[in-house]
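What follows is one structure encoded as structure tokens, with my remarks underneath.
The values are calculated or read from the model by the stated rules, or taken from the named source; none is laboratory data. The structure displayed is predicted, hence computed values, not measured ones. Cβ: placed from backbone, ideal geometry, glycine included. Neighbour counts: every protein chain shown.
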Amino acid sequence: MKAAYSKYRLDFITPGGTSRGVLTHKDTYFLKIWDEVCPEQFGIGECALFKGLSAEDDDTYEGKLQELCRNISSDQGTDLTGYSSITFGFETAILDFSNACRRIIFPSSFVEGNAKIPINGLVWMGTKEEMQSRLEEKLSAGFKTIKIKIGAIDFASELELIKSIRSRYSTTDVEIRVDANGAFTPQNVMSHLDALARYDIHSIEQPIRQGQWEEMANVCRNSPIAVALDEELIGISNPMYMMELLRTIKPHYLVLKPSLAGGFSGATEWLKMAAQFNIGAWVTSALESNIGLNAIAQWVSTLQPKIPQGLGTGKLFSNNVTSPLEQVGDSVVYNPSKGWIIPQFEWIEP
């Protein structure tokens, strides 16, 4: 078996605002695995490094990818501890290869076109006017769950945006989730949560920055809104620490991003532990291309989700990979009649 990798820059159609700044592009990596006897057939996975967020974002990253490719070619194992996105890409590529190189990662009724995954409509950060426009677009598209990223503009304007939803839609009609990406501080978080609670918010993701376990535990105990951990999970893969985090903080939900949470194996472990504490969970993508998004969606479909997930639909990037994933109303579906178009990546075979 042979392996190679390629670096690829994804360009945003519209700059995406986050509490960490405005994104105009995102670099990612692809991993290709094939048999020398039949090189035109290959498994492919996305090692979706997220600069500034992934725990493995350092100078050793491409070196580890090169080591993995060499070891695959020489039939040796590779220790990927601490390399979450590479684990994610490797698991995807191996499963794709094992399923006849058809981009079928987890066979199910979903990839047969007979099931759909409910998703939330995401409102990116921007100016108040931009966010209002994006909100109206999601509501018009039929989304019943809206997720709003907050923390980039003034809080009063964000509250006005949320108020505008509640003035027209009850909680039965539209569920509102907010994602602070750690924008609040231990000093102002409770006042912000009290203000948000007036509008019947379903949950808030990562209200304060990760790494403040005691402060986050206090927030979870006293918040009038259910709290979901997101960035808090990044970089934690030791089962002992995973369990200690959940036992200490006691969140209401986990937000699992497989490319940031140890791949599918790591995310599955988080789900098992969360169940022990009666903690809910949903899965989201993390700005992957359609290669990574496809793998996540197929995995999510095996979980038979009942609540909306945070999966994109591949429409953020101008140069994305063409895939069978489609948005139908407030769901993601897999259209088997629609083929894949994989660009001519520049592969590096160490």
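If you go through region 299-333 and pick out every residue that is under 23 Å from residue 13 (Cα atoms) and aromatic (Phe, Trp, Tyr), you end up with 1.
Considering (1) more than 20 Å from residue 235 (Cα to Cα); (2) out of contact with any helix residue (DSSP H, G or I) (no Cβ under 8 Å at 6 or more places or on another chain); (3) not in a strand (DSSP E or B), the lone condition that residue 103 does not fulfil carries the number (2). In region 62-79, the residue that is surrounded by the most Cβ atoms within 10 Å (Cβ to Cβ) out of those that are free of Cβ contacts under 8 Å to residues at least 24 places away in the same chain and in a loop (DSSP other than H, G, I, E, B) is 78. Note on region 318-350: residues that are under 19 Å from residue 34 (Cβ atoms) and part of a strand (DSSP E or B) total 2.
Selection of region 272-317 for residues being modelled with pLDDT under 95 and either more than 20 Å from residue 145 (Cβ to Cβ) or among the charged types (D, E, K, R) (or both) yields 306, 315, 317.
Residue count for region 93-107 satisfying the condition of being surrounded by 14 or more Cβ atoms within 10 Å (Cβ to Cβ) and at positive phi: 2. Among the residues of region 24-40, are any farther than 21 Å from residue 343 by Cβ and touching a Gly at 6+ places or on another chain (Cβ under 7 Å)? Scanning region 24-40 turns up no residue that is farther than 21 Å from residue 343 by Cβ and touching a Gly at 6+ places or on another chain (Cβ under 7 Å). I need the full set of residues from region 315-329 which are within 16 Å of residue 343 (Cβ to Cβ) and among the polar types (S, T, N, Q), in order please. Residues satisfying the conditions are 318, 319, 320, 322, 323. For the condition surrounded by fewer than 20 Cβ atoms within 10 Å (Cβ to Cβ) and under 30 Å from residue 211 (Cα atoms), residue 159 qualifies.
How many residues, within region 229-275, are in contact (Cβ under 8 Å) with a residue 40 or more places away in the chain and assigned to a helix (DSSP H, G or I)?
Summing the residues that are in contact (Cβ under 8 Å) with a residue 40 or more places away in the chain and assigned to a helix (DSSP H, G or I) in region 229-275 gives 5.
Select from region 36-61 the residues that are surrounded by 11 or more Cβ atoms within 10 Å (Cβ to Cβ) and without any contact (Cβ under 8 Å) to a residue 12 or more places away in the chain and write down the one among them that is farthest from residue 73 (Cα to Cα). Only one residue fits best here, namely 57. Number of residues in region 1-35 that are surrounded by fewer than 21 Cβ atoms within 10 Å (Cβ to Cβ), aliphatic (A, V, I, L, M) and either at pLDDT below 90 or closer than 15 Å to residue 83 by Cα (or both) equals 2.
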